[in-house]
Amino acid sequence: MDTIINFMKRNYRILIAVVLLSVTLFAFKINSDRSDDPEKDKMLLELLTFVIEKGHYDPAKIDDTFSKGIYKDYIEALDPSKRFFLQSDIDEFSKYETLLDDQLLNKELTFFNLTYNRLMKRMLEGKGFYKDILNTPFDYSIDETFNTDYEKAPYAKNASELKERWRKQIKLSTLSSLTDRLKIQENKEKGIVDKDDKSTLEVLNPNEFIENTSNVEKGKAKDDKPKTFEELEKITRESSLKSLDEYFGFMEDLTRDEWFSVYVNSITARFDPHTNYFPPEEKERFDVSISGKFEGIGARLQKKNDFTEITELISGGPAWRGKLLEAGDVIMKVAQGNKEPVDIVGMRLDDVVKKIKGAKGSEVRLTVKKVDGSIKTISIIRDIVEIEETYAKSSVVERNGLKYGVIYLPKFYIDFENKDGRDAGKDVAAEVESLKKEGVNGIVLDVRDDGGGSLSTVVDIAGLFIEQGPIVQVKSAGRQKEVLYDRDKKIEWDGPLVIMVNSFSASASEILAAAIQDYKRGIIIGSKQTYGKGTVQNVIDLNQFVRSSDKGDLGALKTTTQKFYRINGGSTQLEGVSSDVVMPDRYAYLKMGERDVDNAMPWDKIDPAQYTVWTNNAKFSKAIADSKNRIAKNQQFKLIEENAKWIDERSKENDYSLKLEEFKKNQRAIEETNKKFKSIVDYDYHLKFASLPQEAEAMKTDTSLKEKRERWHESLSKDIYVEEALNVLDDLQSKAVVKKSVPVAMKKQKLVKS
């Protein structure tokens, strides 16, 4: 949830001292082939500490309090479920609780080496635990329980106590899967088939080993005869064993460098939650996420035991265009151009990806085992691959004789390397222009779940809806504030506007919502408040500070360099943006905002900027009042509010019975409650959303795009929040809208037909 701003050129003075550092500092000789070079680790600690202290907006004091924070975060990151370390380990580790600040300043690795070596040992022991536990059937008649509140759980005193914890944890996971299988088999015997069965919804803790039963046989033998309880129990244990083998396979693939990155990030997080270290691979993934593109073949991969399988071809990419690869193909070898192919079976997924990705125009040859079992070598010329899900998209809908547009913006993306590349500002402007050509009477801009991105694109997007003026204020430590303006007098859209937000709308999303709200240009609807991130980060390539080129890639540091403020002077930090119209949210009572994050920076305010409130909004206040009245009377929203309270209560329940009949009884109680809330996901207000003409034409030849857009349009037609946004657009029209209501009986008819 980061606002990343390319201020290095314009605000270079913030980090000028850091830049000068590269001239004189660090002359360690690093062998880039080694993954456990202590000199490289020490250099990284020294470099990170210096850069943060010189460049951070408000660097924390490195003292014993700082040390305790590192200790707590790091131990929790290594073993969040307390399934590896013993109390004796923690007793040994705790001697360093107030010494980590000194070790950091002295570039000592004693604590990291101790914890890393101990974790490797405990993980090896854990591997023996689960294999032994799953070797024999579970007795589900024993009356015992397991508590999943790991934060409050004590560490195991010895190996036998730890193994018992593993046993109960695995038993809970297999019990959940077994209960699913039993229910599905019982339903089949009764002739009941429920494709959407979610009998264990809201039950297990996210940290559990959850078996994926979607691709395994559920309840029937190949001859379609019902299985016995003993057969189902055995299948469940075998499936759990496979899941744990895959989990440990992933863990064993992690290098020492990757574990060291966990330690480093426990240090950086003590400055604030958004100051992070990016190892080389993570920096590359970050660049892809912020730009929405990369150079490669355009295939999503996953590791299955020792094999790398293609899970999806990215629409428009070279692999998709070639039509020779398909989902389910297993990659066996990779060759660069005419070079000898390299066997990748057993190779780490990150290393496989490195071999397949490459510069635009270069050739890669993949030896694959096709879905039909045949072996083929496929040549692909790499190209720029755009991840369509990153980019803005729009849809149109007609109702009550009017046409409205909905623009969804998943993030404020930008290509820092290419000023002519795609960015959110240009793309949203294009979507608005296309919607205008379609003759829309109002626009909904949906930034729900949008975690932020580039600040410059926020200014561009907000500027589409106002004549000109300030959009956001930015302040650096010890410097005067800077006000970022929209200086283009052109208004791209001057009609009714609604901005949709939720509690995961963060950073750049909050700047946009705040500016639109302060100008009274549009109505903000959604959760009570947005995420509450009011800080600015810069991504700094650490390699620039190292003189020689043989040190290996050091990665990058994302550090908080500034805070941003609304044009009214207030900060969005912690408080977020409060919606003009608050709509009940299923997760409203869960703690998931910046205000709930440890070590978040404080809220404050500065002087307001000078701006002129939008005056073409005669129906503004009444539209807000009418929307609030509708929501207060709406039974569906009342049900969502009730569901939110129930989810909050469920999140506090951590004790689970490991006795089959008791577990099933508890599940039935949850299922009965879930039935009450089923209408939330079944809701449908029966409007037909459609793509704009240019996209509709592309969908004729692009089946993947067609499928994705149809799914999105269907979700829009079932989204009560979108429905209320359209209601608000109705209320903002200059002429009263004659609403065509659908009789209840007709709604029921439509539900039956669909």
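The values are calculated or read from the model by the stated rules, or taken from the named source; none is laboratory data. Just so it is clear, the structure is predicted and the values come from calculations on it, not from any experiment. Counting neighbours? That spans all protein chains shown, and the Cβs are built from the backbone with ideal geometry, glycine included. Ligands, DNA and RNA are excluded from the accessible area calculation, which covers all protein heavy atoms including side chains. Shrake-Rupley method; radii C 1.70, N 1.55, O 1.52, S 1.80 Å.
General observations
- Calculated FRET efficiency, residue 238 to residue 384, Cβ-Cβ distance, R0 = 56 Å: about 0.80 to the nearest 0.05.
- Sulfur and carbon atoms: percent of accessible area, the range 361-472 [1.4 Å]: 45
- Förster radius 30 Å - calculated FRET efficiency between residue 596 and residue 645, Cβ distance, rounded to 0.05: 0.95
- Taking 7 Å steps out from each Cα toward its Cβ at residue 610 and residue 95 produces label points 6.6 nm apart.
- Reachable aspartates and glutamates, given that their alpha-carbon falls under 14 Å from the alpha-carbon of residue 40 and they are not under 8 places away in the same chain: 108, 257, 258, 550, 553
- Added length on full extension, which subtracts the Cα-Cα distance from 0.36 nm per residue, residue 625 to residue 482: 47.9 nm
- Charge sum, other residues only, whose C-beta stays under 10 Å from residue 377's C-beta, Lys/Arg counted +1 and Asp/Glu -1: +3
- In this structure the chain gives 48 Å² per residue of accessible area when probed at 1.4 Å with all protein chains present.
- Trypsin sites (Lys or Arg not before Pro) restricted to DSSP loop in the range 405-434 with at most 12 other C-beta within 10 Å: 419
- When the C-alpha to C-alpha distance is required to be over 18 Å, the pairs from 489/605; 481/558; 82/121 that qualify are 489/605; 481/558.
- Spin-label pair residue 285-residue 338: with each label point 7 Å from Cα along the Cα-Cβ axis, the two points sit 3.7 nm from one another.
- Ordering of 257-270, 710-723, 501-514, 466-479 by burial proxy (mean other Cβ atoms within 10 Å per residue, highest first): 501-514, 257-270, 466-479, 710-723
- Sum of side-chain charges, residue 424 neighbourhood, beta-carbon under 12 Å (Lys, Arg +1; Asp, Glu -1): -2
- Cα gyration tensor shape for the range 608-754, rounded if a/c is under 1.5, else prolate or oblate: prolate
- Summing Lys and Arg as +1 and Asp and Glu as -1 over all other residues whose Cβ lies under 12 Å from the Cβ of residue 645 gives a net charge of -1.
- List 375, 525, ordered by accessible area with a 1.4 Å probe, largest first: 375, 525
- Taking 0.36 nm per residue of sequence separation and removing the Cα-Cα distance, the residue 677/residue 420 pair yields an extension gain of 87.7 nm.
- Length gained when the stretch residue 553-residue 324 is fully extended (0.36 nm per residue, less Cα-Cα span): 79.0 nm
- Sites residue 354 and residue 489 - FRET efficiency at Förster radius 45 Å, r taken between beta-carbons, to 0.05: 0.40
- Surface share of carbon and sulfur [accessible, 1.4 angstrom probe, percent] for the range 35-171: 48
- Shape call, the chain: gyration tensor on alpha carbons, a/c limit 1.5: rounded
- The phi torsions of the range 721-738, fed into the Karplus equation with coefficients 6.51, -1.76 and 1.60 and a -60° offset, translate into couplings of 5, 5, 4, 5, 4, 5, 4, 5, 4, 4, 5, 8, 5, 5, 10, 4, 8, 7 Hz, rounded to whole numbers, with Gly and Pro shown as x.
- Largest accessible area first, the listed residues 603, 166 line up as 603, 166 when surface is computed with a 1.4 Å probe on the assembled protein chains.
- Positive dipole terminus of the range 387-474, leading residue within 440, 474, 392 (C-beta point charges): 440
- Over 26 Å between alpha carbons, listed pairs 436/739; 628/739; 283/323: 283/323
- Solvent-accessible area of residue 402 with every protein chain in place, 1.4 Å probe, in Å² to the nearest 10: 30
- For the range 607-754, the share of accessible area belonging to carbon and sulfur comes to 53 percent (1.4 Å probe, ligands and nucleic acids excluded).
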